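Below you'll find the structure, written out as structure tokens, and then a few comments.
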Amino acid sequence: MTQMTPIRDDYTLSQSQIDTYLARIGMARPVQADLQSLTQLHRAHLLTFPFEALDAFMGWPSGFTPAAAFDKMVLQRRGGWCFEMNGLFGAVLQGLGFRVTRLCGGVHREMLGDMAVGNHLTLRVDLDRPYLAEVGVADAIFEPVPLALGPIRQRGFDFEITEADGGWLRFNNHPQGIARSFDFRPDHADEEAMTAAHAWLMQDPGSPFTNALAVMRHTEDGYVALQNDQLRRVTSGKVFEGQVTGAAHLAEILETVFDLDVPKPEDIWARVQSRVRSEAA
């Protein structure tokens with residue numbers, strides 16, 4: 001088993017914050033830090049919190065630490081992206097007695113090379129064996145999986161962990177997934193690289209998150225994805241597509257479909273329209 005790297009003290013949460021988080025996802029404190037509890041927490045987190053990168057898209061400030069994610073996601077009824085979703089989840093697990101390592105990964109490293117390393121945070125949880133806990137790839141696994149090579153099937157979607165170059169492992173998303181893959185190593189923790197990538201993704205004009213609205217939420221049988229003005233409901237066998245028709249419609253979708261309390265939806269809609277016009281030009 002690879003050596004665990006403990007979560008830094010400034011990335012932990014208080015027991016009071018953990019109780020508030022558990023109330024938000026509708027779960028009691030687990031009796032044991034075991035696979036059953038991890039699986040229940042993983043599912044409940046994904047059914048409660050959407051993936052959303054509104055801060056990057058709108059130029060709103062966003063913190064990197066689990067405490068900042070707690071304030072935004074739990075107290076303000078927002079979602080988050082991988083640094084926030086996996087960051088908050090990992091800090092909660094650590095506070096509940098799980099052995100957690102924050103792993104520095106790279107989405108689309110197969111295409112971008114090592115410059116991608118740091119653009120994704122994922123989690124290793126050590127129980128009877130290492131498990132991959134991943135709540136930050138918006139349309140990927142619904143439950144934790146053994147951190148081992150091989151195929152994975154959940155809710156009718158097919159995933160796989162394979163070997164990649166340079167000693168990396170590659171999590172391959174299902175064929176309809178928006179993020180095709182991310183690479184990671186079971187013992188590679190690099191907070192500095194992730195902090196730098198977070199800043200770039202938040203601010204740089206070349207960041208995919210500054211250029212498109214992205215909101216996604218898991219359901220029991222699939223997920224719902226909003227990309228700019230396109231809304232998709234995806235299960236393993238069907239894809240339902242629709243279009244957002246205006247600011248009021250967007251506000252309704254954010255509230256009723258994604259359960260988000262988002263400020264100034266009319267400003268979000270104006271930026272979406274600007275991006276759609278720019279892409280059409």
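The numbers here are math on the coordinates, done by the rules we state, and not lab data. What you see is a predicted model, and the numbers here were worked out from it, not measured in a lab. Cβ placement follows ideal geometry from the backbone for every residue including glycine, while neighbour counts extend to all protein chains displayed.
Computed quantities for the displayed model
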| quantity | calculated |
| --- | --- |
| Segment 194-281: GluC sites (Glu not before Pro) falling in loop per DSSP and having at most 13 other Cβ within 10 Å | E220 |
| Inter-label distance for Q176 and R233, nm, one decimal - labels placed 7 Å from Cα along Cα-to-Cβ | 1.2 nm |
| Highest-MSF residue in the chain out of L213, L103, L149 [GNM, Cα springs under 10 Å] | L149 |
| Stretchable slack from D114 to T162, in nm (0.36 nm times residue separation minus alpha-carbon distance) | 15.6 nm |
| The chain: most fluctuating residue of R129, R180, R170 per GNM, C-alpha cutoff 10 Å | R129 |
| Efficiency of FRET between Q243 and S278 - r from beta-carbon atoms, R0 22 angstrom, step 0.05 | 0.80 |
| Sites E191 and V257, calculated FRET efficiency, Cβ-Cβ separation with R0 51 Å, nearest 0.05 | 0.90 |
| Whole-angstrom gap from segment 113-156 to segment 40-71, using each part's C-alpha centre | 18 Å |
| Cα centroid separation - segment 172-200 against segment 251-281, whole Å | 26 Å |
| At R0 = 35 Å, FRET efficiency that the Cβ-Cβ distance of A148 and K264 yields, to 0.05 | 0.20 |
| Cα-projected label distance for R29 with L127, points at 7 Å along beta-carbon direction, nm | 2.0 nm |
| Built amide H within the under 5 Å cut-off of L231, gap 5+ | G242, Q243, V244 |
